[in-house]
């Protein structure tokens with residue numbers, strides 16, 4: 001019975017993606033879509049899906065060839081997200097909006113304080 005509801009959620013996400021013409025317009029969309037697809041895999045667990053999707057969606061907006069300072073900021077945000085946001089999702093509900101708000105709060109915790117050489 002649960003497999004049917006997951007399948008329906010996947011179909012809904014795919015249909016919405018085709019209608020809007022965008023795959024991952026925001027962190028919330030990216031995380032929710034990633035999490036649903038990950039949980040379909042029988043070998044994946046809640047923990048591995050959360051970790052994979054946080055990493056994928058935090059770094060999805062990072063352009064190629066980023067500078068070291070920006071890269072360090074991304075890793076700080078990822079560490080903060082693992083610590084504070086990884087328990088928000090459940091197998092039945094990705095809670096994309098709550099995870100998005102939580103990850104967004106990490107931006108204020110990871111401020112750059114680098115001095116130029």
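For region 64-106, filtered to residues that are farther than 30 Å from residue 41 by Cβ and modelled with pLDDT of 60 or more, the residue that is surrounded by the most Cβ atoms within 10 Å (Cβ to Cβ) is 73. The C-beta contact set for region 29-43 (first residue over 22 Å from residue 101 (Cα atoms), second residue in a helix (DSSP H, G or I) and modelled with pLDDT under 95, distance under 7 angstrom, 6+ apart or interchain) comprises 40/6; 40/10. Listed here are the helices (runs of 4 or more DSSP H) enclosed by region 1-63 that have at least 2 residues being over 9 Å from the mean Cα position of the chain (by Cα) and at pLDDT below 50: 2-20.
The values are calculated or read from the model by the stated rules, or taken from the named source; none is laboratory data. Quick caveat, the model's predicted, so the values are computed rather than measured. Reconstructed Cβ throughout: ideal geometry from the backbone, glycine too, with neighbour counts over all protein chains shown.
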